[in-house]
Amino acid sequence: MTQEETEAIVRYRIRGLRLARGWTLDTLARRCYLSPSTLSRIETGQQRLALEQLVSIARALGTSLDQLVEPEGNEDVVIRPEPESSGGTTLWLLSRERDRRGVTIAKMRITEEREQRGPQVHPGYEWFTVLSGTVRLQLGTRTILVQEGQAAEFSTMTPHAIEAHEGAVEILTIFDQDGEHAHLPGHRDD
């Protein structure tokens, strides 16, 4: 990517963030201590981008300089998950490790041969949707069947176990950091 292409992306981001906040040129200019005409020339490409101005603009827009100038490319978009299998469970990580949102997104295939671990308890919440099959969710003293196309969300402070019911099941799940350590192979602390 050329310098001009990178600058065009940065200008587009500045204008897009300003408009998303409903701010006029005057509003952003006041917040970053620039004149409205200078800011207009920056957004339209009639003025070169200066580092000190970008720092001030990023701060005023509530973002970081890194996020404002990060290059575009497919490497930060496309994830190529590799399946990891262990004891009746196959896992595809669909988010990058240490996701900036603090969650792990995964697709899981669970068979009836899955190693039984018993109910688990940990801080946080868990969410999943059933892509195919039926999940038998042990939640405290209840057994809940979650069918294909349905989703479940629950406090993980309640003892819980997710199992396949009458055949293999595939789910899409979101774990917080505590859920990742409790449920994902190779991430368990015990």
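So the values come out like this:
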| quantity | calculated |
| --- | --- |
| Output for region 12-37, where each listed residue is surrounded by fewer than 16 Cβ atoms within 10 Å (Cβ to Cβ) and part of a helix (DSSP H, G or I) | Tyr12, Gly16, Leu19, Ala20, Asp26, Thr27, Arg30, Pro36, Ser37 |
| Within region 104-173, strands (runs of 3 or more DSSP E) holding 2 or more residues that are buried (at least 16 other Cβ atoms within 10 Å of the Cβ) and free of Cβ contacts under 8 Å to residues at least 40 places away in the same chain | 134-139 |
| Selection count, region 142-175, where residues are under 25 Å from the mean Cα position of the chain (by Cα) and at positive phi | 1 |
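Read the figures in this text as sums done on the coordinates, not as results from a lab. The structure presented is a predicted model; accordingly, all values stated were derived computationally and were not measured. When we count neighbours, we look across all protein chains shown, and the Cβ atoms used for this are built from the backbone with ideal geometry, even at glycine.
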